[in-house]
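Colleague: Below are the structure tokens for one structure; questions will follow.
The values are calculated or read from the model by the stated rules, or taken from the named source; none is laboratory data. What you see is a predicted model, and the numbers here were worked out from it, not measured in a lab. When we count neighbours, we look across all protein chains shown, and the Cβ atoms used for this are built from the backbone with ideal geometry, even at glycine.
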Amino acid sequence: MKISLKDIKKAVATELEEFDGVFREILASNVYLIDTVAKYIIKNKGKGIRPLLVIMSAKLVGKPVRETYLVASVVELLHTASLVHDDVIDNAHVRRGFPSINALWKNKIAILMGDYLLSKCLISATMTGSLDVMHKLAIASKRLSKGELMQIEKARNLRISEEEYFDIIANKTAALMGAASELGAITVSQNQEDHENLKKFGENLGIAFQIKDDLLDYYGHQKILGKPVGNDFRDKKITLPLIHSFNQASRKEISKIKKLLKKGVSAGDVEYIIKFVKNYNGIEYSESKLSEYAQKAKECISGYSDSEVKTALYNFVDFTINRSK
């Protein structure tokens, strides 16, 4: 049976309502422009998987409290701010199938709105009264930026090893998802083992999530994804399917692909690159790594007693690796 995100959220339906109230409360201001952009963000905020991770992780080891919802809001604010800034950097005009903030309000407002969300994130973190929470969020934020900068650096010279790829996604995606799960546990449990188990759960899930995201660029459809297929090629991002294929291919073939990426790929070039990757089993290899990290995530919480929320977390892992967008 195919698991939907809606079904997974049923395990924490009441808690998600509490979170929505706190998140709206935090975003509110007395400035018309900020409130207008904020309403647009709330309306098109996507799957909300990071706050969901905070809440489900907390519920696995205790009973969610107001600090849990504050942390969930902080994590979502940090993630949203990074996306707003990313869209400016990438000159992206579509986000989740809708016009991006910079497409509607131009770069200046988008950058300032991203900064506003970051400042709200910091203020909200102080409201938890926990230096540990603030410290872990600061580390996650630093790692997020580090991962993005590493990816930009590698895109410039089109050289990246598999080890470097995993280092990048451990920072740009897994760090925040690991922090989300760990911080959810911290808000309700003083047991260090709980904190560590949930941190590892989120990090392994985050790596699986990013591998899946990268795979979707090979067999997705723009209408489903909400972004152009082959977008990574246009941004000169070399991800796991292509890295594995480069490790198998001849220098001549690799050189040809890199020339295509450097000059800027056309629709025909995208098809050629995808065919090249399929010929060298880049997709199958990446799918095997995807399954490996999904299994690692499940193992991190296998020792907890069976419950509705534990089943939901397992289902969330399955949803992550089987999603179509």
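Colleague: Looking at VAL88, VAL37 in this structure, which one is surrounded by fewer than 21 Cβ atoms within 10 Å (Cβ to Cβ) and assigned to a helix (DSSP H, G or I)?
Modeller: Values: VAL37 fails: surrounded by fewer than 21 Cβ atoms within 10 Å (Cβ to Cβ).
After applying the criteria, what remains is VAL88.
Colleague: Which residue is farthest from SER324 (Cα to Cα), if the candidates are limited to segment 10-19 and must be free of Cβ contacts under 8 Å to residues at least 60 places away in the same chain and in contact with a helix residue (DSSP H, G or I) (Cβ under 8 Å, 6 or more places away or on another chain)? Walk me through it before giving the result.
Modeller: Just the residues of segment 10-19 that are free of Cβ contacts under 8 Å to residues at least 60 places away in the same chain, to begin with: 13-19.
Still in the list and also in contact with a helix residue (DSSP H, G or I) (Cβ under 8 Å, 6 or more places away or on another chain): 15-16, 18-19.
Values: GLU15: 27, LEU16: 24, GLU18: 29, PHE19: 26 Å.
Filtering first and then ranking leaves GLU18.
Colleague: I've got another one for you. Say we look at segment 146-166 and pick out the residues that are in contact with a helix residue (DSSP H, G or I) (Cβ under 8 Å, 6 or more places away or on another chain) and among the small types (Gly, Ala, Ser); which of these is surrounded by the fewest Cβ atoms within 10 Å (Cβ to Cβ)?
Modeller: Ranking the candidates gives SER161 first.
Colleague: Here is a check on your reading of the model: is ALA103 touching a strand residue (DSSP E or B) at 6+ places or on another chain (Cβ under 9 Å) and farther than 27 Å from GLU203 by Cα? Before you say what the answer is, go through the steps one by one.
Modeller: Values: touching a strand residue (DSSP E or B) at 6+ places or on another chain (Cβ under 9 Å): yes; farther than 27 Å from GLU203 by Cα: yes.
Yes; evaluated as a whole, the condition is true for this residue.
Colleague: Here is a list of conditions, (1) over 22 Å from the mean Cα position of the chain (by Cα); (2) among the hydrophobic types (A, V, I, L, M, F, W, C); (3) under 19 Å from GLY178 (Cβ atoms), and ILE109 meets all of them except one; can you say which number that is?
Modeller: (3)
Colleague: Under the condition of being surrounded by 16 or more Cβ atoms within 10 Å (Cβ to Cβ) and in contact (Cβ under 8 Å) with a residue 40 or more places away in the chain, which residue from segment 259-274 is nearest to LEU216 (Cα to Cα)?
Modeller: Looking at the filtered set, the residue picked out is ILE274.
Colleague: Scan segment 15-34 residue by residue and report those that are of a type in the set (Val, Ile, Thr) and not in a helix (DSSP H, G or I). Full working, then the answer.
Modeller: Of segment 15-34, the ones of a type in the set (Val, Ile, Thr) are 22, 26, 31, 34.
Hit for segment 15-34 is VAL31, nothing else.
Colleague: Give segment 245-257 a look and list any residue that's surrounded by fewer than 17 Cβ atoms within 10 Å (Cβ to Cβ) and of a type outside the set (S, T, N, Q), or say none. Full working, then the answer.
Modeller: Taking segment 245-257 and keeping what is surrounded by fewer than 17 Cβ atoms within 10 Å (Cβ to Cβ), we get 247-248, 250-253, 255-256.
Result: ARG251, LYS252, GLU253, LYS256.
Colleague: Would it be correct to say that VAL22 is surrounded by fewer than 24 Cβ atoms within 10 Å (Cβ to Cβ), modelled with pLDDT under 95 and either among the aliphatic types (A, V, I, L, M) or closer than 18 Å to THR128 by Cβ (or both)? I'd like the intermediate steps shown before the answer.
Modeller: Working: surrounded by fewer than 24 Cβ atoms within 10 Å (Cβ to Cβ): yes; modelled with pLDDT under 95: yes; either among the aliphatic types (A, V, I, L, M) or closer than 18 Å to THR128 by Cβ (or both): yes.
Considered against the rule, which asks whether it is surrounded by fewer than 24 Cβ atoms within 10 Å (Cβ to Cβ), modelled with pLDDT under 95 and either among the aliphatic types (A, V, I, L, M) or closer than 18 Å to THR128 by Cβ (or both), VAL22 comes out as yes.
Colleague: Let me ask you something else. Output the residues belonging to segment 122-133 that are surrounded by 15 or more Cβ atoms within 10 Å (Cβ to Cβ) and either basic (Lys, Arg) or in a helix (DSSP H, G or I) (or both).
Modeller: Here is the first cut: in segment 122-133, the residues surrounded by 15 or more Cβ atoms within 10 Å (Cβ to Cβ) are 122, 124-125, 127-128, 130, 133.
Across segment 122-133, the qualifying residues are LEU122, SER124, ALA125, VAL133.
Colleague: Look through VAL22, VAL31, VAL37 and report the one residue that is without any contact (Cβ under 8 Å) to a residue 24 or more places away in the chain and among the aliphatic types (A, V, I, L, M).
Modeller: VAL31
Colleague: Being within 18 Å of LEU53 (Cβ to Cβ), more than 16 Å from the chain's Cα centre (by Cα) and either of a type in the set (A, V, I, L, M) or at pLDDT below 85 (or both) narrows it down to one of VAL88, VAL94, VAL71, so name that one. Before you say what the answer is, go through the steps one by one.
Modeller: Details: VAL88 fails: within 18 Å of LEU53 (Cβ to Cβ); VAL94 fails: within 18 Å of LEU53 (Cβ to Cβ).
Every option except VAL71 fails the conditions.
Colleague: Then there is this: Can you say whether ASN107 is outside any helix (DSSP H, G or I) and more than 30 Å from GLN192 (Cβ to Cβ), as far as the supplied structure shows?
Modeller: On the way: outside any helix (DSSP H, G or I): no; more than 30 Å from GLN192 (Cβ to Cβ): yes.
Spelling it out, it is not the case that ASN107 is outside any helix (DSSP H, G or I) and more than 30 Å from GLN192 (Cβ to Cβ).
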